Amino acid sequence: MMQLVGRTTSRTSVGPLVLAGFAAGVMVGALAWRRQQDSAHDQLFSSSTVQRAAAIGWLARTPSVKNARLLRDYIRWERRPTLRRRADRALASLLLALES
């Protein structure tokens with residue numbers, strides 16, 4: 001019978017790999033979210049909560065009078081408090097950008 005000669009892996013050599021994998025996962029997730037926001041600008045009244053959240057982010061980054069009116073309508077329409085608060089913050093920052 002042949003003996004397997006293997007390396008032992010210490011915790012110190014695994015730690016950086018786990019950290020690098022976690023960091024890569026966060027980066028990929030952030031890129032995916034940004035892409036979702038860029039493609040969901042017309043999904044403000046979608047049935048999908050994720051698409052609505054992404055659309056709010058897109059509108060907040062694109063200041064215009066039309067988007068401010070759209071966000072005001074959305075705030076009246078939205079039933080989820082979390083998304084309403086997010087839209088309120090987006091509207092406030094959008095109005096500040098329009099004033100300057």
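Annotations
- Among Arg76, Arg34, a tally of other beta-carbon atoms within 10 Å of each Cβ gives an order, fewest to most, of Arg76, Arg34.
- Applying Stokes-Einstein at 37 °C and 0.692 mPa s to the Kirkwood radius of the stretch 32-99, computed over alpha-carbon pairs, gives a translational diffusion coefficient of 283 µm² s⁻¹.
Quick note: the coordinates plus some simple rules give every number you see, no bench work behind them. What you see is a predicted model; the values in this text were computed from it and never measured. In this analysis, Cβ positions are derived from the backbone assuming ideal geometry, glycine residues included, and neighbour counts consider all displayed protein chains.
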